[in-house]
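Chemist: I have a structure I would like to understand better, so I am pasting it below and will then ask my questions one at a time.
The values are calculated or read from the model by the stated rules, or taken from the named source; none is laboratory data. Note that the structure is a prediction, hence the values are computed from the model and not measured. When we count neighbours, we look across all protein chains shown, and the Cβ atoms used for this are built from the backbone with ideal geometry, even at glycine. The protein model used for the area step is the full one, side chains on, heavy atoms only, and it has no ligands, DNA or RNA in it. Shrake-Rupley method; radii C 1.70, N 1.55, O 1.52, S 1.80 Å.
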Amino acid sequence: MVSEKENKSKEGMKIMGLEEGTYFLSYFIQYFIISLIDSIINTVLLCYIFTKVPFYFLFLIVFLWTMDVFAMIYFFQSFIDKTRVALILSLLIYFASYFLSMVCMNEGAAKALKIVMSILPPVCVELGIVLLGKFESHFIKFHPRDYTKTYTNYSIFIMNLMQFIDFFLYLFIGYYLQNVLPHEFGIKRPWYFLCTKDYWCGNQKKNMKNKETLKQIEKVVDEINEKKDVDELYSEKRLKKDEQTLNNENNKDFEGEELYRDKTKPDDALRIQNPYYIH
């Protein structure tokens with residue numbers, strides 16, 4: 001995403017009519033398909049490690065984790081315009097989040113602290129994986145009834161809930177920053193643009209003006225097409241006339257009007273035009 005912003009290809013697509021929502025969906029659908037396949041493969045591998053945890057629980061955790069990664073990607077690209085900066089900064093923030101998990105990794109850490117730290121997707125998934133590891137290490141099978149139960153002030157339900165919240169939260173923040181932060185192209189919106197009527201209902205005057213402009217453009221296009229048809233018809237007639245003239249010149253019995261041009265007087269009462277030689 002950042003590379004397309006840097007090489008101006010995104011702005012080129014916007015000039016040709018691409019909307020921001022369509023651009024986002026193109027990346028989301030592509031990443032969704034890849035994440036679905038990747039999650040299935042990783043879940044199969046994790047089943048050899050977490051033998052006490054059902055397949056669908058592991059798949060849900062891994063798939064939601066991949067969606068959180070996409071949301072973080074969308075968040076990072078909203079305020080970064082250089083590919084090299086995006087690569088370095090996003091990796092630093094991503095791996096730094098794992099080190100922050102040490103704050104709440106203690107079993108005696110408060111539940112509120114763990115929930116707040118779960119705002120960071122790496123911390124959220126690490127807390128959940130550690131919790132599943134306790135079931136595995138104690139040879140206790142994980143049942144659906146254990147989904148909402150709290151162990152060491154945390155539960156798998158809280159982890160999945162925070163994964164959902166993180167996904168929409170980072171997408172929202174990324175969308176907001178992309179609209180209010182100044183960029184090389186476009187005009188930034190005011191910080192309160194989500195509270196304006198024009199954002200939710202649209203600018204009616206602008207829409208009417210766009211419709212009038214579109215009608216004028218269509219009218220000009222129609223006039224150009226009509227003129228083009230007339231020019232093509234004229235060119236076709238002229239081509240036929242030139243072809244006929246060439247055929248007449250090749251005919252030895254044909255006399256051109258140039259022979260009689262000097263014999264014509266301006267005040268003649270009778271004048272013959274477009275003469276044709278008849279066999």
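Chemist: Using every alpha carbon pair in the stretch 45-144, what percent of pairs falls into each 10 Å bin from 0 up to the bin containing the largest distance?
Modeler: 13, 37, 35, 12, 3
Chemist: Can you compute 3J(HN,Hα) from phi for each residue in the stretch 9-19, using the Karplus curve 6.51 cos²θ - 1.76 cosθ + 1.60 with θ = phi - 60°, rounded to whole Hz and x for Gly and Pro?
Modeler: 5, 5, 5, x, 5, 5, 4, 7, x, 6, 9
Chemist: Given a Förster distance of 51 Å, report the FRET efficiency between residue 148 and residue 191 from their Cβ-Cβ distance, rounded to the nearest 0.05.
Modeler: Efficiency, rounded to the nearest 0.05: 0.85.
Chemist: Could you compute the FRET efficiency for residue 51 and residue 81, with r as their C-beta to C-beta distance and R0 at 41 Å, rounded to 0.05?
Modeler: E(calc), rounded to 0.05, equals 0.30.
Chemist: I'd like the FRET efficiency for residue 32 and residue 173, computed as 1/(1 + (r/R0)^6) with the beta carbon distance as r and R0 of 30 Å, rounded to 0.05.
Modeler: Working: r = 20 Å, r/R0 = 0.67.
My answer for the efficiency is 0.90.
Chemist: Carbon-plus-sulfur fraction of the accessible area of the stretch 1-150, 1.4 Å probe, in percent? Before the final figure, lay out each step's value.
Modeler: Numbers: 6110 of 8400 Å².
Roughly 73 percent, rounded to a whole number.
Chemist: Run the simple label-point estimate for residue 92 and residue 105 please: 7 Å along Cα→C-beta, distance reported in nm.
Modeler: Placing both labels 7 Å along Cα→Cβ, they lie 2.2 nm apart.
Chemist: Starting from the Cα of residue 23, step 7 Å along the direction of its Cβ; do the same at residue 220; then give the gap between the two resulting points in nm.
Modeler: Going by the 7 Å Cα→Cβ label model, 2.6 nm.
Chemist: Between their Cα atoms, which of 5/197; 14/197; 10/219 are more than 26 Å away from each other?
Modeler: 5/197; 10/219
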